[in-house]
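Trainee: Below you'll find the structure I mean.
The values are calculated or read from the model by the stated rules, or taken from the named source; none is laboratory data. In this text the structure is predicted, and so the values were computed from the model without any measurement. Ideal geometry is used to build each Cβ from the backbone, glycine not excepted, and the neighbour counts take in all protein chains shown. Only protein heavy atoms, including side chains, enter the accessible area calculation; ligands, DNA and RNA are left aside. Shrake-Rupley method; radii C 1.70, N 1.55, O 1.52, S 1.80 Å.
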Amino acid sequence: GRVDSASAAAAAATSDGNSADINEEPVDTNAGPCGGVPSAFGICGVSSLICFCMIVPGFLLLPEVYSFLLVMFIAQVFLFTAQAPVIAGLMWSLPAHLRNLGIGMTMVTIHVFGDVPSPIVVGKLLDAVGSYRIA
């Protein structure tokens, strides 16, 4: 890559003096219509929609436990399919030297705002309603 005064100063500030990671541009600078961040987020949207379309009828219409578990398993596969494009889009959007930090911050954010409050919210909802089928 090119070396200008800012990147030369940043390279001098590193311990090994290697400026290759600092000057590296994000990978997805010229993605075409079938690749890159827009396609990754499109996959997220489609897989989340499929998951939603399976979970709602699964909770409301399936009285038998085995059919319910099968539909929920398939819905979970589509739900977790949305995670890979998010991480890929994040990695494509960040320069190489910030990717580890970006992924770490994303994982912490997902857990703090998703995993921590969700049992509390679902528990309060079930206590208020009295049935998981109505909730």
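Trainee: Could you compute the FRET efficiency for Val112 and Tyr66, with r as their C-beta to C-beta distance and R0 at 41 Å, rounded to 0.05?
Mentor: Values: r = 35 Å, r/R0 = 0.85.
So the FRET efficiency works out to roughly 0.75.
Trainee: Could you provide, to the nearest whole Å², the per residue accessible area of the range 44-94 with probe 1.4 Å? Don't skip to the end; give the middle numbers.
Mentor: On the way: 3200 Å² over 51 residues.
Per residue, the range 44-94 has 63 Å² of solvent-accessible surface.
Trainee: Gain in length, Val86 to Phe41, computed as 0.36 nm per residue apart minus the alpha-carbon separation, to one decimal in nm? Before the final figure, lay out the partial values.
Mentor: Details: separation 45, 0.36 × 45 = 16.20 nm, distance 0.69 nm.
Residue separation times 0.36 nm, minus the Cα-Cα distance, leaves 15.5 nm.
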